[in-house]
Structure formats: C-alpha cells, structure tokens
C-alpha cells in the first residue's frame, strides 16, 4: 500500500463513522403514560369562588386527587372548607364543599389549540334549614384554549347554588370565564389574569340582583426541581361589581368585597 493510501484510508473510515453517527436517529421521547394519578393540597388565606368569598375572610385548606388517561379522559375530586351556607343561614350545619368532575380534553390536531368538555357536581354535606333549597349544583362546561389563553362557559342544570333571587328557579345560569396563565420564560413564574361574567337565570333587579362581573390579577411561582419540586406559591387580587345587598351574609360580612389572597400549594 502506498503512503498516500495509508493516509487516505483512515480519513475515509473516520468520515464514514462520523457520518453514520450523525445520521443515527435521536433518542425518542419517553412515551406518555397511559394512566396518570396526581394529588394536590394547598393552604389559602381565603377561599374565593368566582369573585365571591366562601370562608368569610378566614383561611381555607384545599386538596384533591386527579386521574388522567392518555385518551384525554380525566376525572377527579376536590374539597375545601366553606362557611357561607351557615353564614347566610341556609344550613344549620355545613363546613365543606366537595366537588366531583370528569371530562375529555385534547389538542386539536397539530395546532396550539385544545378543547376541554366535562361536567362538575358541587356537593355541600350538612343540615339545611327547614324549607331551604339545596345548594348542591350540577354544571356542564366547555373550554377552548390556545397556549396560555382560554375561554370557558359553564351551564347550571340545577338552581345556581340554591339561589332564587326573583323567587324562580335559576337552572340555566351561565358563567363565562376568560383567563390567561402566561409563563415568564423558564423562570418558574406565571402571570395570572381572569375576567368572568355570571348571568343568573330569572335574576332579580336592584340590590337583589345576583348577576355580576368579576376579575382577578396575580402571579405564581412553581419550584421546578429539587425536594420542593411542584411547590407553588402565589398571590392575586380579586374584585367584582356584585350587589352588596345580595352578597352580604347574616353577620354583616360582604362576601363580594374586593380582596387579596395569598396561597401555597403542592402537587404530587
């Protein structure tokens, strides 16, 4: 073999080996689990639901369990302490809200859009005042999301949490929810914004009007890794234009007043 051949041959082998390595397929991403189970627990300075206080300015402990299937099906349950039914004199004993929900959510093709349709049942165990309407409420909902933006509408199949401001049934009540959860790069921070419209079916007027609009602005931080991975801390300010007459309880507490909330939450 000539000197030139001795020099060229190793180079050809090296190039061939390098090319083979460059063209090798990249390691595939781990497959999505068919079944996923998660749990969460949180401590909140106050429980606010659609802009209205549920614990009369007192702290709330909340938590739940969620199941998700690779097909898009999900189901879960969630609970929190709540005092508003006793505070308004509707229940003689009631200190808990217990929710059950299920639905389907998936991306729409290869786009950044996704849908979410499902149902939720709000259950309030306890003892009602004789003649009082049950606060248990069953809703259907549908949402459309784009990246960090979303819109959702909920439709009540029962009296809306037992409310009859005009003395008539309030099934068919709608709640429109526009929201944004904007992640700030890779920092772990998320900016939170929300605007909602409650349209109570067969609503009253004046100070007895139950319909209103509400809003929320805030931010949260989620620990990305380490022993505290999944720990979320956040704060937000909530407000609305609800009628104080309808939303003031028997103790004189205005459940609709604007307020700030701080919280810590952990997902497992």
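Read-outs throughout are calculated quantities, based only on the coordinates presented, and are distinct from any laboratory measurement. Quick caveat: nothing in here was measured; it's all calculated off a predicted structure. Glycine also receives a Cβ, built like all others from the backbone with ideal geometry; neighbour counts cover every protein chain displayed.
Here are the numbers for this structure:
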read-out	value
Computed [θ] at 222 nm, helices only, for the chain once each DSSP H run of length n ≥ 4 contributes -39500 (n - 2.57)	-3000 deg cm²/dmol
Fully extended contour minus Cα-Cα distance, from residue 199 to residue 144, at 0.36 nm per residue	17.8 nm
Relative contact order computed over the chain (Cα-Cα under 8 Å; 6+ residues apart), in percent	14 percent
Estimated inter-spin distance, residue 178 and residue 38, nm [label 7 Å along Cα→Cβ]	2.7 nm
Most mobile of 117, 223, 153 in a GNM of the chain (Cα contacts under 10 Å)	223
Theoretical gain in end-to-end length, residue 244 to residue 221 [0.36 nm per residue, Cα-Cα removed]	5.0 nm
Calculated volume of the Cα convex hull per residue in Å³ (choose from [x] 163; [y] 173; [z] 122), label	[x]
Fluctuation leader among 162, 150, 72 - the chain, Gaussian network, Cα springs under 10 angstrom	72
Three-way shape label, the stretch 162-215, alpha-carbon gyration tensor, a/c 1.5	prolate
Crossing angle, helix 3-23 versus the chain [Cα axis fit, 0-90 degrees, rounded to tens]	10 degrees
Length gained when the stretch residue 75-residue 105 is fully extended (0.36 nm per residue, less Cα-Cα span)	9.7 nm
